[in-house]
1. Looking at the stretch 55-83 only, could you name the residues that are in a loop (DSSP other than H, G, I, E, B) and not hydroxyl-bearing (Ser, Thr, Tyr)?
2. Would you check which residues across the stretch 20-36 are of a type in the set (D, E, K, R) and surrounded by fewer than 14 Cβ atoms within 10 Å (Cβ to Cβ) and list them?
3. Would you mind stating whether Lys35 is part of a strand (DSSP E or B), of a type in the set (Lys, Arg) and in contact (Cβ under 8 Å) with a residue 12 or more places away in the chain?
4. Out of everything in the stretch 37-86 that is among the β-branched types (Val, Ile, Thr) and away from the ligand (no atom under 16 Å from the Cβ), what residue ends up being surrounded by the fewest Cβ atoms within 10 Å (Cβ to Cβ)?
Amino acid sequence: MVNNMNQYQDHPLEACAERIAEIMQAAPTTQFYQKWTCAKCGERVTMSIPNKLFTRGFHEDCGFTTDIRKSGCNYMLHFSRHMEDQ
Ligand SMILES: [Zn+2]
């Protein structure tokens with residue numbers, strides 16, 4: 001296999017932060033999880049902590065920390081249809 005194309009879409013961290021800020025304003029109960037691609041092994045990693053954006057992403061499986069400011073990131077959204085008291 002000579003397919004090293006990055007199959008995931010990542011965007012600059014600032015662009016994600018701006019978009020998420022808009023979403024959170026429109027739907028404050030939404031949860032988001034930051035996702036990025038490990039710069040060492042190429043695996044897609046999802047942050048375990050919701051509603052936070054990080055500038056560095058540690059990949060437990062290979063022990064590498066990716067500089068998300070350089071590589072960009074994406075996010076997964078969990079929309080909540082009911083009110084939740086935390
Ligand atoms: Zn990795």
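1. If the condition is that a residue be in a loop (DSSP other than H, G, I, E, B) and not hydroxyl-bearing (Ser, Thr, Tyr), then Glu60, Asp61, Cys62, Gly63, Gly72, Phe79, Arg81, His82, Met83 are the ones that fit.
2. Glu22, the sole residue that qualifies.
3. For Lys35, the condition - part of a strand (DSSP E or B), of a type in the set (Lys, Arg) and in contact (Cβ under 8 Å) with a residue 12 or more places away in the chain - is met.
4. Ile49
Every number in this text was worked out from the coordinates using simple rules, so none of it is lab data. From a predicted model like this one, the values you see are computed outputs, not experimental measurements. Because the Cβ atoms are built from the backbone with ideal geometry, glycine has one as well, and the counts that use them run over all protein chains shown.
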